[in-house]
Amino acid sequence: MPDIFGTILWPLKWVIEAILVGFHWLFTSLGMDGNLGITWILMIVGLTFVVRAALIPLFVKQIKSQRKMLEVAPELKRIQDKYKGKKDQYSREAMSRETMALYGKHGTNPLSSCLPMLVQMPVFLALFYTLNDAVHSIDSGKGGVGLLNLDLANSFANADFLGAPLASTLQHGFQDGNVATIVIAIAMIIVMTGAQFITQLQIMSKNQTPEMKSSPMYKQQRILLYILPLVFVFTSFYFPLGVMFYWVASNLWTVGQQFLVIRNMPTPGSEAALAREARLARRRQRLGIADPTEALGEGATLNGEPVKSTQRQQPVSKSRAKKKGPRK
């Protein structure tokens, strides 16, 4: 049976191999042993940072989409209230048409907020297939689809970290009785699920407005807050340690990225936005600046709104006003 996923992901696998080989050359040029597990871990972490840095434009688009979704929330609720309790086919179709028209009018849709995650999934699968093929290179006698030659593939297949083979899974660890594999895999699962939980928690607790917290979507997000970590636990059971290192690095990147966004670009009206305004007020007080535009600069914005100057205009007498008028 042909490997359909491997064929579809071939271009991504080639790119991933090129990035891994590039980092392998970099680290070996710095004097590191290219066959050591720590070198391969750093290569995979480097791949993670390259992928996440490339996704920053999509992340910015995600933030803008979330802002627009916040703007359309009142109109969306009116549409839902309009068809509340109506379960006939005509009402459902009408509600769907009006909802899509609303999204089109504001240039957004709910899927836009999932773009970074959706784009990452093919990359994650391509890495899984790349490393899985490298593991079987000893039996197949061939390397990857691109720059990952047979020697490098064998290098990964034999690499280990603290006695745990990077090609091994938690399932293999239990089957082989390899304590190092079990301990490292469980530790990474805890870090992964913890990072995922913290990311969602800081969004829901700090970056949501009271209106958003009262919506049905917020209740669904709260359920996912506890379900997603469980999904991580079960799926991680079958992933090689090398792939799990990518997952850990990616989740930690997400935690840091989300923290910076919530701190500096919070949702207007949220707890994080009020905290940011308080920080800016303390900063102005500490610097002895009364006008926010003097502290933030001309054309600055605060939570997406332009900051207006609070500087008092000096009164001008009628005679002076006439003198300043245009000469005939």
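Every read-out reported here was derived from the displayed coordinates using simple, explicitly stated rules and does not represent laboratory data. Source: prediction; values computed, not measured. Here the Cβ is made from the backbone with ideal geometry for all residues, glycine too, and neighbour counts use every protein chain on show.
Can you give the extra length, in nm with one decimal, that the chain gains between ILE227 and ASN132 once fully stretched, where that is 0.36 nm per residue apart less the Cα-Cα distance?
Numbers: separation 95, 0.36 × 95 = 34.20 nm, distance 2.79 nm.
So the extension gain works out to 31.4 nm.
Taking 7 Å along the Cα-to-C-beta vector as the label spot, tell me the GLN80-GLU93 distance in nanometres, rounded to one decimal.
2.4 nm
Kindly write out, for segment 13-23 in residue order, the coupling ³J(HN,Hα) from the Karplus curve 6.51 cos²θ - 1.76 cosθ + 1.60 (θ = phi - 60°), rounded to whole Hz, with x marking Gly and Pro.
4, 4, 5, 4, 4, 4, 5, 4, 5, x, 5
Would you mind ranking HIS136, HIS24 by Cβ crowding within 10 Å, fewest neighbours first? Write out the running numbers ahead of the final one.
Values: HIS136 13, HIS24 22.
Going from least to most buried by this count: HIS136, HIS24.
Under the classification rounded if a/c is under 1.5, otherwise prolate if a/b is larger than b/c and oblate if not, where does segment 1-66 fall, given a ≥ b ≥ c as square roots of the Cα gyration tensor eigenvalues? List each step's numbers first, then the result.
On the way: a/c = 3.08, a/b = 1.29, b/c = 2.40.
It comes out oblate by the Cα gyration axes.
Under the Karplus relation 6.51 cos²θ - 1.76 cosθ + 1.60, θ = phi - 60°, what is the ordered set of whole-Hz ³J(HN,Hα) values for segment 88-93, x standing for Gly and Pro?
3J(HN,Hα) across segment 88-93, in whole Hz: 6, 4, 4, 5, 5, 5.
Fewest first, what order do TRP40, TRP25, TRP14, TRP247 take by the number of other Cβ atoms within 10 Å? Display every interim value, and only then the final one.
Numbers: TRP40 28, TRP25 13, TRP14 16, TRP247 24.
Ordered by Cβ neighbours within 10 Å, fewest first: TRP25, TRP14, TRP247, TRP40.
Among VAL243, VAL191, VAL119, which comes first, second and so on when ranked by fewest other beta-carbon atoms within 10 Å?
Working: VAL243 23, VAL191 16, VAL119 13.
Ordered from fewest to most neighbouring Cβ atoms within 10 Å, VAL243, VAL191, VAL119 come out as VAL119, VAL191, VAL243.
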